[in-house]
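Everything below concerns the one structure shown next.
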Amino acid sequence: MKVLFVTEISYSTLVWLSYRLGATFAFGLPLVIFIWASMKKESPIVRLLSIYWKVASLMFISMLLLIGNRPIGYLTSFLSPLLILTSIWFWIDLNEEINEFPRHKTIALVLKAWRWSLSFYSCFYITLSFISLECVNNINSQNCNYWREAPSGLNQIIRSIFNFLFGANWTEALSAFIGYLALIIYIVGFIQWAIIRLPKQGRIAGDF
């Protein structure tokens, strides 16, 4: 029992660590770099980050689904870092343009450091969230509760903002509905890119 208790506490700590690291490397830093690159008019970086935000939106969709206590949220949460990892390294043209930046250029150094940091974080998150895939079939597992704790905190923030802006109640059912709707749009967009643009453009970013 004691060993099991320590293991559960350790896993809970790692889950919270993954969310905190995500807030830093998957949201905070790319937002700062995107604003910085936009102000400096660094087109390759802006294009890369624009693609990144489109792909990374799956992580927020997963949060909405987890708030609504929907099993599919664990699956999309597991897949999101895989897609994020691909989105920041996949493009030949953007990689070449970024590599052509002078080595002493600060924004280029920060971007490279962020891409590698995000890559390590994504691998960590993928490894950790793999355990949560059991929740797709058994949502009552204790491990599932650990993954819902952070989304529950986000739910309180969204509820306050939603109530302030619209004077209406934000519910878990509404969160799940919006999450499902956003997921459908995301899947349709991804299929369109995979079927139409990828065969035509290959690993050229183009109009992703």
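No value in this document is a laboratory result; all are computed from the given coordinates. Every value quoted in this text rests on a predicted model; they were computed, and no experiment measured them. For neighbour counting, all protein chains shown are included, and Cβ atoms are generated from backbone atoms with ideal geometry for every residue, glycine included.
Points to keep in mind about this one:
- Euclidean distance between Cα centres, segment 55-81 to segment 186-202, Å: 21 Å
- FRET efficiency, Phe190 to Val32 (Cβ-Cβ, R0 35 Å, nearest 0.05): 0.85
- Mean Cβ count within 10 Å, highest first, over the residues of peptides 65-73, 111-119, 45-53, 149-157: 65-73, 45-53, 111-119, 149-157
- Relative to the longest principal axis of the Cα atoms of the chain, the long axis of helix 106-129 lies at roughly 30 degrees.
- Helix 172-192 and the longest principal axis of the C-alpha atoms of the chain enclose an angle of approximately 30°.
- The count of lysine pairs in segment 2-201 whose Cα atoms are under 30 Å apart, excluding pairs fewer than 8 places apart on the same chain, comes to 11.
- Full-stretch length increase - Glu149, Val110 - with 0.36 nm per residue and alpha-carbon distance subtracted: 10.9 nm
- Here segment 1-156 is treated as a Stokes sphere of Kirkwood radius computed over C-alpha pairs; at 37 °C and 0.692 mPa s its diffusion coefficient rounds to 197 µm²/s.
- Sorted peptide list for 14-24, 76-86, criterion being average Cβ within 10 angstrom, highest first: 76-86, 14-24
- For Gly68, the residues whose modelled amide H falls within less than 5 Å of its own, excluding neighbours fewer than 5 places apart on the same chain, are Ala176.
- Our summary gives the chain a relative contact order of 30 percent, counting only alpha carbon pairs under 8 angstrom and 6 or more residues apart.
- Value of [θ]222 nm, deg cm²/dmol, for the chain, DSSP H segments ≥ 4, -39500 (n - 2.57) each, nearest 500: -25500 deg cm²/dmol
- Isolated cysteines in the chain, defined as those with no second cysteine Cβ under 4.7 Å, comprise Cys123.
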